[in-house]
1. If we keep just the residues of segment 31-62 that are among the charged types (D, E, K, R) and over 18 Å from the mean Cα position of the chain (by Cα), which is most open to solvent (accessible area, probe 1.4 Å)?
2. Name, by its number, the condition in (1) part of a loop (DSSP other than H, G, I, E, B); (2) touching a strand residue (DSSP E or B) at 6+ places or on another chain (Cβ under 7 Å) that does not hold for residue 141.
3. What are the pairs, 6+ residues apart or on separate chains, where a residue within segment 190-215 that is free of Cβ contacts under 8 Å to residues at least 40 places away in the same chain has its Cβ under 8 Å from a residue that is in a loop (DSSP other than H, G, I, E, B)?
4. How about segment 124-138: which of its residues are touching a residue at least 40 places away in the same chain (Cβ under 8 Å) and part of a loop (DSSP other than H, G, I, E, B)?
5. Does at least one position in segment 155-165 carry a residue that is at negative phi, open to solvent by 60 Å² or more (accessible area, probe 1.4 Å) and part of a helix (DSSP H, G or I)?
6. Could you please find all residues in segment 11-54 being closer than 14 Å to residue 89 by Cα, in contact with a helix residue (DSSP H, G or I) (Cβ under 8 Å, 6 or more places away or on another chain) and away from the ligand (no atom under 13 Å from the Cβ)?
7. What is the one condition in (1) under 19 Å from the mean Cα position of the chain (by Cα); (2) more than 16 Å from the ligand (Cβ to nearest atom); (3) open to solvent by 10 Å² or more (accessible area, probe 1.4 Å); (4) of a type outside the set (Lys, Arg) that residue 121 does not satisfy?
8. Spot the failing condition for residue 146; the list is (1) open to solvent by 40 Å² or more (accessible area, probe 1.4 Å); (2) part of a loop (DSSP other than H, G, I, E, B); (3) not polar (S, T, N, Q), and only one is missed.
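The values are calculated or read from the model by the stated rules, or taken from the named source; none is laboratory data. Bear in mind that the values here come from a model prediction, so they are computed numbers and not experimental data. Note: ideal-geometry Cβ built from the backbone for every residue, glycine included; neighbour counts use all protein chains shown. Accessible surface is based on the protein model in full, side chains and every heavy atom, while ligands, DNA and RNA are left aside. Shrake-Rupley method; radii C 1.70, N 1.55, O 1.52, S 1.80 Å.
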Amino acid sequence: MPAQKNIVILISGRGSNMEALLRANLPCRIAAVISNKADAQGLETARAHGIDTAVVSHRDYADREAFDAALAQEIDRYQPDFIILAGFMRILTDGFVHRYTGRMINIHPSLLPAYTGVDTHARALQDGVKIHGCSVHFVTPALDGGPIIIQAAVPVLHDDTPQTLSARVLHEEHRIFPQAVRWLCRDQARLDSDGRVSVDRMEQLGSTLISPGLD
Ligand code: GAR
């Protein structure tokens, strides 16, 4: 049996994606949850699950380099195989990203490469797209631009608000994120040297999502 992988999860707030990971019975050890905000709701949830928590507040550091150095030091205490960004809302320096190349993934609430950055649901509604969704990707220096591991698409309904659309997408985030981490921890997904993602034993979808549906 290969040794069980260690992961560290980074959060900034609510932590519902982190909680989905804690509940997913993943084939890895969740060594710690680290937040850049002391009042992140997700820290309470992690503690309730008996997971070690730590806070590295970006406010305590003069610039991004200093914050990222402190964050890396805290992460490395746990010697994780993978770093999982679960609603971690800080832009990371290139140096930090390179330190964890191929070992750090992020969940983003859009069908990348559309709608990088913030306010993805409001912008999708504004544009009138009929299909929206979420993506899990390896982190590279390009903001929300790294190679994609898995995506889920949802229909945009005519009476959607950013809140209703966000809830529909979040439901799918909670399904695809544990799947991506499971693949990583089982060595079934990896970032290849050519910058592409390969996933073993992937089921291919047999149907099309058309939104609104055909008559
Ligand atoms: C999630 O929707 C996640 O995709 C998004 O923040 C939310 C965090 O919710 N992440 C980003 O926008 C990263 N750019 P959670 O704390 O309940 O998981």
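1. 59
2. (2)
3. Every condition considered, the pairs that remain are 198/192; 200/188; 201/188.
4. 130
5. The answer is yes, given that some residue of segment 155-165 is at negative phi, open to solvent by 60 Å² or more (accessible area, probe 1.4 Å) and part of a helix (DSSP H, G or I).
6. Within segment 11-54, just 34 meets the criteria.
7. Answer for residue 121: the failing condition is (2).
8. It fails just one condition, (1).
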